[in-house]
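The values are calculated or read from the model by the stated rules, or taken from the named source; none is laboratory data. In this text the structure is predicted, and so the values were computed from the model without any measurement. Cβ coordinates were reconstructed from backbone atoms using ideal geometry, including for glycine residues, and neighbour counts include every protein chain displayed.
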Amino acid sequence: MTNKLKLSIAFIVCIAIGIALGFAYVQIKPIVSQWVLASTKNYITKDTELNSMFDAQRTIDLQWSMLIPEVEKAILEKYQQPKPSTPTEFTNNLLRSIEAASDASYSEAMTSINTVDAFDGMAISIPGFIVPIDYQDDQSPSNIFIVPYFGACIHFPPPPPNQIIFAQLESAFTNFEITQAYRINGVLRRGLFEDPLGTSAYILDVVSIEAYFDNPDDFRRH
């Protein structure tokens with residue numbers, strides 16, 4: 001084996017190792033950040049009865065897609081639009097948007113207040129972004145929406161009501177940042193709450209909140 005060939009192989013191996021390390025870093029960074037940085041909770045309820053109700057159950061790690069009834073989930077998935085990278089993909093997305101605008105079942109799914117009964121009254125943990133509706137006297141969030149992606153209800157149209165959770169918080173939510181994702185723990189129940197920012201089909205009695213360092217949105221592909 002010539003020196004030139006050896007150098008070429010070594011170069012290729014170094015590139016492969018670099019790619020593998022980069023991929024591993026992207027995969028484990030949220031896990032490491034969660035373990036290192038989320039050691040303290042930003043919010044803990046003082047409601048002892050709620051705490052007892054939460055602790056008496058096995059906590060369900062809930063994903064946003066689990067809150068959508070299966071029939072509506074299939075309709076919404078039909079019109080999922082991944083970010084286009086070619087003119088053909090851009091055209092296909094445009095045609096899909098036109099088709100969605102004329103599909104009554106899609107419009108109904110986007111405004112649906114239908115819920116998944118299986119989680120009613122259950123202790124759950126779900127990651128998401130917090131949209132304050134109003135604030136306490138100490139300027140900590142009071143009434144809030146919990147949503148799957150940043151900008152929902154503020155910079156972008158609100159998600160379907162069964163992708164929005166309403167909650168009421170006590171005072172002293174420390175170090176709140178609107179751009180930070182959080183893991184919210186509590187007892188979930190069905191219940192309608194309407195506000196100019198949006199409508200929610202679920203209500204969460206919040207037990208605790210801590211920072212979350214991954215992408216909460218497991219449903220959208222765009």
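The table for this structure:
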{"quantity": "Condition met for Q34 (modelled with pLDDT under 75, surrounded by 13 or more Cβ atoms within 10 Å (Cβ to Cβ) and in contact with a His (Cβ under 6 Å, 6 or more places away or on another chain))", "calculated": "no"}
{"quantity": "Residue match in the stretch 45-52 (condition: under 24 Å from the mean Cα position of the chain (by Cα), modelled with pLDDT of 85 or more and not in a loop (DSSP other than H, G, I, E, B))", "calculated": "yes"}
{"quantity": "Residue ranges of helices (runs of 4 or more DSSP H) in the stretch 55-143 with at least 2 members surrounded by 13 or more Cβ atoms within 10 Å (Cβ to Cβ) and of a type in the set (S, T, Y)", "calculated": "104-110"}
{"quantity": "Selection from the stretch 173-215 of residues that are surrounded by fewer than 21 Cβ atoms within 10 Å (Cβ to Cβ) and not in a strand (DSSP E or B)", "calculated": "T174, N175, F176, E177, I178, T179, Q180, P196, L197, F213, D214, N215"}
